[in-house]
Amino acid sequence: MRFLSRRHALTSAASLLGLSSLPGCTDRSLRNLDLDADVRSLPVIRARTDRIDRITVCLRPFRAAGPRLDVEQIGHKTVVHNYGHGGSGWSLSWGSAKLAVERALPVNSAKIGILGCGAIGLTTAIVAQQAGAEVTIYAESLPPFVRSARASGSWTPSSRIAQKDTMTPEFVNRWEAMARYSFSCYQNLQGLPGNPIEWDTFYGMKSRELDPLHADPIGFAKLDDRIQDIEPQGNLIQVDDTRLPYSEVHKKPNLIFNVTSYSDYLLRQFLERGGKIKTMTLHHPSELTALPEPVFINCTGYGARALWNDSSIIPVRGQIAWLIPQPEALCSMSFGNVYVVSRRDGIVVQWMGDDMGFGYNGTDETPDLAEAHRSVSVINGLYRSMGYTV
Ligand SMILES: Cc1cc2nc3c(=O)[nH]c(=O)nc-3n(C[C@H](O)[C@H](O)[C@H](O)COP(=O)(O)OP(=O)(O)OC[C@H]3O[C@@H](n4cnc5c(N)ncnc54)[C@H](O)[C@@H]3O)c2cc1C
């Protein structure tokens, strides 16, 4: 990982443009703008709207009570549900898969069918294989055409996972078990070819003007305190220079999923273990009776709302403007209402809205160009305020 130092960036920009062409950018102001050494090496993301290469939209499958993991009989078939992971599907996938497979095993069948091939379906299929089952995935879409492929790709195990007032103590314990197990699995997936999983550095910049994630009209559950002992906490750096638009920076390690290579890795693992995939669209649960497996695990994500007629799933819309990858500037950051993850497979720039309710009950998966430009412009302005040209 190569970081461009702030001083180097300023010097390069200054020599390219001529010092006098950078407003206020004299030797003296360069010294004055120097931050604490910890944030001086902020990698330079070229946040420009002409570097957007696509805009994607995804619906988080949110359930106020948390993911559904109960067992149901459909005729002579057993169905274990494993859907409704909100903004935490990648993060919780291994732990949720473990619980779902444990619930499927008492059926004592050599064959298990998995419905869905997103983050949850793929990990559940592999865990079922590890338990000795012969597994077939049935899914309408495969990566990269699943909603999971449109995620930011970072460790966010309690993002929009449940509602404070609705969750039960049993759910909280289950969430903690899922989060701890998933986190331990991710530590064993580092250093693989293509770096599907890796750590970067996160810079959480508290805007002097905005604190959008503070207001939460939905009342999402906040559970991170329960796993503080496994997550690196980092440093909180106060920024006294009021010419900068942020008053503090929380710098900490951040676990990243490079979703393109990670999905590819999961698919290969599944196929190498003899897994089979059948593409098909299910329209009603009764169609399972025509399939050979006696037990299924339902990992259809937001699709379960229509397939299982489950109105407890509320979509929470989220859009990403993708910038051309910059392998020399891998990092993540939040500033005001924008979240950025510079991954190997693309730079995520996400508008988070004016409060935590942004996107709640939003079903429109059409890209919004104005929203994409707004988010990239905020990050462009952030770098400019620090004296960088991008
Ligand atoms: C903007 C955004 C950013 C996010 N960032 C993160 C993040 O950083 N970290 C994180 O952990 N989570 C994140 N999430 C949440 C994460 O994307 C979801 O929790 C996750 O995608 C859910 O995965 P899934 O496998 O349940 O669903 P999906 O990926 O939607 O997969 C569902 C599968 O079921 C199939 N299917 C559905 N219906 C049918 C049917 N009727 N018949 C046959 N097949 C069917 C689909 O084809 C697909 O294969 C983010 C979400 C959004 C919107």
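Going through 98, 111 one at a time, which residue ends up being open to solvent by 10 Å² or more (accessible area, probe 1.4 Å), out of contact with any Phe, Trp or Tyr (no Cβ under 8 Å at 6 or more places or on another chain) and in contact (Cβ under 8 Å) with a residue 40 or more places away in the chain?
111
In region 52-75, which residue that is more than 20 Å from the chain's Cα centre (by Cα) and β-branched (Val, Ile, Thr) is nearest to the ligand (Cβ to nearest atom)?
74
Would you mind finding the one in 216, 225 that is within 22 Å of residue 67 (Cβ to Cβ), without any contact (Cβ under 8 Å) to a residue 24 or more places away in the chain and acidic (Asp, Glu)?
After ruling out the rest, the residue left standing is 225.
Would you call residue 136 surrounded by fewer than 20 Cβ atoms within 10 Å (Cβ to Cβ) and either within 15 Å of the ligand (Cβ to nearest atom) or in the same structural domain as residue 332 (by TED's automatic domain parsing) (or both)?
yes
Are there any pairs with C-beta distances below 8 angstrom linking a residue in region 303-314 that is under 16 Å from residue 116 (Cα atoms) to a residue that is among the hydroxyl-bearing types (Ser, Thr, Tyr) and part of a loop (DSSP other than H, G, I, E, B), with the two at least 6 apart or on different chains, and if so which?
Final answer for the pair search is 305/311; 307/300; 308/300.
Might you check whether a residue that is assigned to a loop (DSSP other than H, G, I, E, B) and either modelled with pLDDT under 95 or within 10 Å of the ligand (Cβ to nearest atom) (or both) occurs anywhere in region 252-274?
For region 252-274, residues assigned to a loop (DSSP other than H, G, I, E, B) and either modelled with pLDDT under 95 or within 10 Å of the ligand (Cβ to nearest atom) (or both): absent.
Report, by residue number, each residue of region 363-379 that is open to solvent by 20 Å² or more (accessible area, probe 1.4 Å) and either without any contact (Cβ under 8 Å) to a residue 40 or more places away in the chain or of a type outside the set (A, V, I, L, M) (or both).
Those that are open to solvent by 20 Å² or more (accessible area, probe 1.4 Å) and either without any contact (Cβ under 8 Å) to a residue 40 or more places away in the chain or of a type outside the set (A, V, I, L, M) (or both): 363, 364, 365, 366, 367, 368, 370, 373, 374, 377.
Identify, please: which residue in region 287-315 is touching a Gly at 6+ places or on another chain (Cβ under 7 Å) and hydroxyl-bearing (Ser, Thr, Tyr) and is, among those, nearest to residue 73 (Cα to Cα)?
Checking each candidate, the answer is 289.
Which ones in region 145-182 are part of a helix (DSSP H, G or I), open to solvent by less than 20 Å² (accessible area, probe 1.4 Å) and within 14 Å of the ligand (Cβ to nearest atom)?
Scanning region 145-182 gives 175, 178, 179, 182.
Could you tell me which numbered condition residue 234 fails, if it satisfies all but one of (1) within 16 Å of the ligand (Cβ to nearest atom); (2) open to solvent by 20 Å² or more (accessible area, probe 1.4 Å); (3) of a type in the set (Gly, Ala, Ser); (4) more than 25 Å from residue 63 (Cα to Cα)?
Only one criterion is unmet by residue 234, namely (1).
The values are calculated or read from the model by the stated rules, or taken from the named source; none is laboratory data. Given the structure is predicted, the values throughout are model-derived calculations rather than measurements. Every residue, glycine among them, receives a Cβ derived from its backbone with ideal geometry; neighbour counts consider all protein chains shown. The protein model used for the area step is the full one, side chains on, heavy atoms only, and it has no ligands, DNA or RNA in it. Shrake-Rupley method; radii C 1.70, N 1.55, O 1.52, S 1.80 Å.
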